[in-house]
Structure formats: C-alpha cells, structure tokens
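Here's the structure, in structure tokens; my notes come after.
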Amino acid sequence: AAAPATPSSPTSPQAMRQWLSGQEAMRGGRPRQAIIAYHQALKADPSLARAHLSLAAAHLDLQEDHLAADHLRRYLDKEPAHVQVRQHLADLMFRLGQNALAEAQYRRTLADLPPTEAGAPGRIHCHGKLMELAIAMNNPGAVHLHRGIGLFLLDRKSTRLNSSHVSESRMPSSA
C-alpha cells in the first residue's frame, strides 16, 4: 500500500491553518463548516491534495456521494499512487451505479496493489467487486473469471494460515 507522495512545494501556512480548522470542525461534527475551511485552504494553496481527501470525507459524512467522488478523483490526480483511496473511489462508484467507472478503478487498483501478502486482501476485494459488476453487466465469462481468481486467492490465504498454524503447533515448547 503506497503512501501519498510528499508534495514538491511547501504548503502555505495560511492553507495549513485553514485545513487544520476544517479538521477541527470535522472532529466537532460540523462537516459544513469543515467544507468551507477546506475550500479556503485550496484557495490559498491549490496543490494541497489532502484538502480534497478531507473534502471527500466531509461530503461522505453528509451523504453527498457524488461530491465526495469528485474530490477523491481530484486527490488521485495529485496522488495517483494512493491505492487505498483508489479502492475507496471504486467502491463509491460501484455504490453510485457508475459501473464502467467502478470497473476501471478496480482494475487500476489491482494493477497498483503490491504483489505481496499485504496486497492480498485488496486483490480479493477487487475481484469480488469485479465479479458483482460482471453479474450486473450480464457478462458470465467475467463472472467466472473473477469468482475463480477470488476463490484461488482465498484458498491460498487459507492454506498459508493453516500451514503457519500447523508449524506453530509442532514447535517444541520451552518448558
């Protein structure tokens, strides 16, 4: 899971004050006030990617999913390697019924996930959602493909868990 990149230019103190004000408003349960502060932060520093992520969270809190999706996309334009946010955007597109956009984001998430055990839960999730999308789009070949890959990944994970459990139970106890 890639972390967001460090910004190439320092954030203005005014933008950070506004962003922190928005964070405080969110902690206080005032998402409308937070949205105003985050927009002011972006006005002071349009490159402040975290403000888009914070705006997405505030809009989700208000159940304004379309606005949240727009800010997640803007965040990813600035931080394309943030795979967890991309997966959240895919889930949001799926929930909004924007199947083609959701599919594209799930595929991009799969491409960006690390090929290690750490990426396995994300791969399982994405293939499960791609299977659901294939069902919705009446694509039986894709249904079978993503179901098969998901089951393969789950079996592999289960086999690893069982073999590590067996190995631990065979270790001599230090009495």
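The values are calculated or read from the model by the stated rules, or taken from the named source; none is laboratory data. Values in this document were obtained by computation on a predicted structure and should not be read as measured data. Quick reminder, even Gly has a Cβ in these numbers, built from the backbone with ideal geometry, and neighbours come from all protein chains shown. Accessible surface is based on the protein model in full, side chains and every heavy atom, while ligands, DNA and RNA are left aside. Shrake-Rupley method; radii C 1.70, N 1.55, O 1.52, S 1.80 Å.
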For this session: Kindly establish whether ASP65 is touching a Lys or Arg at 6+ places or on another chain (Cβ under 8 Å) and not hydroxyl-bearing (Ser, Thr, Tyr).
Result: yes
Seminar exercise, completed: How many residues of segment 141-162 are farther than 20 Å from GLN98 by Cα and either assigned to a loop (DSSP other than H, G, I, E, B) or open to solvent by less than 60 Å² (accessible area, probe 1.4 Å) (or both)? The answer is 6
Problem set entry | Boolean, ALA69 is open to solvent by less than 50 Å² (accessible area, probe 1.4 Å) and either under 30 Å from ASN139 (Cα atoms) or not charged (D, E, K, R) (or both) | yes
Problem set entry | Of all residues making up segment 30-50, the number that are open to solvent by 60 Å² or more (accessible area, probe 1.4 Å) and either assigned to a helix (DSSP H, G or I) or more than 17 Å from SER12 (Cα to Cα) (or both) | 8
Exercise. Between a first residue in segment 21-42 that is in contact (Cβ under 8 Å) with a residue 24 or more places away in the chain and a second residue that is open to solvent by 60 Å² or more (accessible area, probe 1.4 Å), which pairs have beta carbons less than 6 Å apart while being 6 or more apart in sequence or on different chains?
Worked result: PRO31/ASP61
Exercise. Out of the residues in segment 110-140 that are in a helix (DSSP H, G or I) and out of contact with any helix residue (DSSP H, G or I) (no Cβ under 8 Å at 6 or more places or on another chain), which is surrounded by the most Cβ atoms within 10 Å (Cβ to Cβ)?
Worked result: GLY119
For this session: Could you check, for segment 85-93, whether at least one of its residues is at pLDDT 95 or above and open to solvent by 90 Å² or more (accessible area, probe 1.4 Å)?
Result: yes
